[in-house]
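Here is the structure we will look at, set down as structure tokens.
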Amino acid sequence: MSKVYFKNADSSLEPNKISDYAKGLVDTLVKRENVELAQEIPLKVHFGERGNTTFVKPEYYNGIIDYIENQNRKACFIETNILYGGERTIKEKHIKLAKEHGFTRIPIVIADGEKGEDYYEVESNLKHFAKCKIGKEFSKYSQIIVLTHFTGQMLAGFGGAIKHLGMGLASRGGKLAQHMNVVKPRIKNSACDKCRLCEERCAFGAITIGEKSYIDLSKCIGCAACNAICPTKAVKIISFRSIGSIFRMFGSPFHERLVEYAYAAQKNRKVIHVSFAMNITRGCDCDPRTMKPMIEDIGILASTDPVAIDQVCYDMVKSSGKTLRGRYMLKYAEEIGMGSRKYEIVKDD
């Protein structure tokens, strides 16, 4: 049974108060569970898509940053590039948007390079993956603090610590691998201007540009650089048809792949999870729109167990009268040894 430390909080509070609560939970967890802090600790965050207004405010993280710096440790924000189109597809624009959203206090590291092609492989030897492609910069760190906004999520059902690990630490190629056999890259010929940038970029000869341009999936390794470099967005990764196929599968294979990447991302690392169950919307922080919370705010949680902290958030949402898909992720994560669905809530009064 895993301990999950909990503090009631809501978004009507002043940001410095929420920041203090988060700091207190981390301090409690470190002391009670004898967690040794590394010299450099990246904070895995989500900078929020442009147009989204409910992502976790950077001010909420100040207390945790203070805590790290008071321990004579260094901190940085760390993220990976996204798979689909948008400003967070390329490092330069990604960092620019992060700073516009207020993430300016500590350095920003985009772990998988300029266009998401930089990765290292972690052995997992599980059902779907023998190895997983994780953003290269993560290889430098023995410890991560994963700062998660618990929300609903279109494909996964809910976005919690497991998704933040699995999709959030994966390189673009790793993200694509999680969708493969469900979502495949293709070239939309009507949008292709025959510039050949993707063909030149591909190191495996998987792309042919001509009268009918196409990607040979038997050669494609899933690095997703073609999608990032295409100036006309002719290389398509996610379509309404592919999303529909995921829903028809009830998510199980996709969920398993996501969980296996989460397993690889946290393997041999000392990970602290802090989840903000506030402004819980049906969509996630990747949605470029204003959304209304589906329930009242719950609070802030901390644990070293990603399965337990997600299970608590899931159960608390359910107890409010709302339900989320994705429960199978928790079952599979427990089966492969990521953590426990049994938990003890330790309230910080």
- [ ] Give the Kirkwood hydrodynamic radius (Å, one decimal) of the chain, defined as one over the mean of 1/r across all pairs of different Cα atoms.
- [x] 20.4
TODO: Just the number, please: percent antiparallel of the DSSP beta bridges in the chain, rounded to the nearest 5.
DONE: 50
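Please arrange CYS132, CYS230, CYS313 by counting, for each residue, the other beta carbons lying within 10 Å of its beta carbon, fewest first.
Working: CYS132 29, CYS230 21, CYS313 26.
In increasing order of surrounding Cβ atoms, one gets CYS230, CYS313, CYS132.
So for the stretch 6-103, what percent of the C-alpha to C-alpha distances run longer than 24 Å? Walk me through the intermediate numbers first.
Details: 1471 of 4753 pairs.
Beyond 24 Å sits 31 percent of the P(r) for the stretch 6-103.
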TODO: Using a Gaussian network model of the chain whose springs link C-alpha atoms within less than 10 Å, name the residue from SER320, SER139, SER218 with the highest mean-square fluctuation.
DONE: SER218
- [ ] Count the net charge of all other residues whose Cβ sits under 14 Å from the Cβ of GLU256, scoring Lys and Arg as +1 and Asp and Glu as -1.
- [x] +2
TODO: On each of the three principal axes of the Cα atoms of the stretch 46-156, give max minus min coordinate, whole Å, ordered largest first.
DONE: 39, 36, 28
Task: Scaled radius of gyration (Cα, divided by 2.2 N^0.38 Å) that the stretch 184-236 gives - done: 0.95
Open item on the list: I'd like to verify something in the chain: which complete DSSP H helices, judged by Cα projection on the helix axis, reach 24 Å or more and average at least 1.6 on the Kyte-Doolittle scale?
Closed with: none
TODO: Beta carbons within 10 angstrom, averaged per residue: use that to sort the peptides 152-161, 93-102, highest first.
DONE: 152-161, 93-102
- [ ] Among ILE336, LEU301, VAL146, pick out the residue whose Cα is farthest towards the positive end of the charge dipole of the chain, where Lys and Arg carry +1 and Asp and Glu carry -1 on C-beta, about the Cα centre.
- [x] ILE336
TODO: With an 8 Å cut-off on Cα pairs and a minimum separation of 6 or more residues, tell me the relative contact order of the chain in percent.
DONE: 25
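Bear in mind these aren't lab numbers, they're just calculated from the coordinates by the rules spelled out. Bear in mind that the values here come from a model prediction, so they are computed numbers and not experimental data. Cβ atoms come from the backbone with ideal geometry, glycine included; neighbour counts cover every protein chain shown.
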